[in-house]
Amino acid sequence: MGMSVTISAATEQDAEQILKLQYLCYQSEAALYGDYGIEPLTQPLDSLRAELADATVLVARLGDEVVASVRGAVDADGTARINKLIVHPRMQRHGLGGRLLAAIETRLGADGAATSFQLFTGHRSEHNLRLYRKHGYAPVSREQVDERLTLVTLAKGADTVAYATSACRPRPSAGTPPSWREPDPAPASSR
């Protein structure tokens, strides 16, 4: 019997695995834009540990291995900013990125503080843009960083998350393994 991928909150012990996965996943982005000095490839471990303490970080595990991750936080104006959605190359194109995106939206929107969701990607990152559009995000701005890179910011209202989640996600049946279900939102005291 094969193992199932499970999504849960990241822990301090996941920091090194997340950073190694981040380094692997951003190689293709660096090659696409001809820039290997991008922040995801140069982020120190201490900086990631600080994010684990201050933000919501989720991981997807296959057994003990972290195979995907995403981070996010809700700012003072109610915008949930989602970033660094990464999926191991061997696990891509199987819906895991979409599951993780839906899970972080659910987690960040659980207490009602999020009024909208926002994320960004590079203008040449077609797979990312397609995924985000599929999940209801629309471009709201473009910022030219340099001659190689334009960042595209995409957003959607928090009210679309509940509708999209209920309309698009199949309802678990009695025979659905628990590991295929979305995680329960973390209690407010654990954030």
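Looking at the structure I just gave you, is ALA80 within 14 Å of the chain's Cα centre (by Cα) and under 25 Å from THR153 (Cβ atoms)? So ALA80 fits the description; yes. Against the criterion of being out of contact with any strand residue (DSSP E or B) (no Cβ under 9 Å at 6 or more places or on another chain), in contact (Cβ under 8 Å) with a residue 60 or more places away in the chain and open to solvent by 20 Å² or more (accessible area, probe 1.4 Å), GLY34 qualifies. If the condition is being over 18 Å from ALA158 (Cβ atoms), open to solvent by less than 30 Å² (accessible area, probe 1.4 Å) and without any contact (Cβ under 8 Å) to a residue 40 or more places away in the chain, then the stretch 99-124 contributes only THR121. Checking each residue in the stretch 125-156 for being open to solvent by 80 Å² or more (accessible area, probe 1.4 Å) and over 24 Å from GLN92 (Cα atoms) picks out VAL140, ARG142, GLU143, GLN144, GLU147, ARG148.
Of all residues in the stretch 140-155, those that are over 17 Å from HIS127 (Cα atoms) have Cβ atoms under 7 Å from Cβ atoms of residues that are surrounded by fewer than 11 Cβ atoms within 10 Å (Cβ to Cβ), 6 or more apart or on another chain, in ARG148/GLY34. Residue count for the stretch 64-113 under the criterion of being assigned to a loop (DSSP other than H, G, I, E, B), modelled with pLDDT of 95 or more and touching a helix residue (DSSP H, G or I) at 6+ places or on another chain (Cβ under 7 Å): the result is 1. For the stretch 4-23, the set of residues classified as free of Cβ contacts under 8 Å to residues at least 40 places away in the same chain, touching a Pro at 6+ places or on another chain (Cβ under 9 Å) and crowded, with 16+ Cβ neighbours inside 10 Å consists of LEU19 only. Restricting attention to the stretch 142-161, the residues that are within 26 Å of TYR36 (Cβ to Cβ) and part of a strand (DSSP E or B) total 8. Could you please let me know if ALA55 is touching a Lys or Arg at 6+ places or on another chain (Cβ under 6 Å), more than 22 Å from THR121 (Cβ to Cβ) and open to solvent by less than 40 Å² (accessible area, probe 1.4 Å)? Here the answer is no, as ALA55 does not meet what is asked.
The values are calculated or read from the model by the stated rules, or taken from the named source; none is laboratory data. None of the values given here were measured: they were computed from a predicted structure. Reconstructed Cβ throughout: ideal geometry from the backbone, glycine too, with neighbour counts over all protein chains shown. Side chains are part of the model used for accessible areas, which takes the heavy atoms of the whole protein and leaves out ligands, DNA and RNA. Shrake-Rupley method; radii C 1.70, N 1.55, O 1.52, S 1.80 Å.
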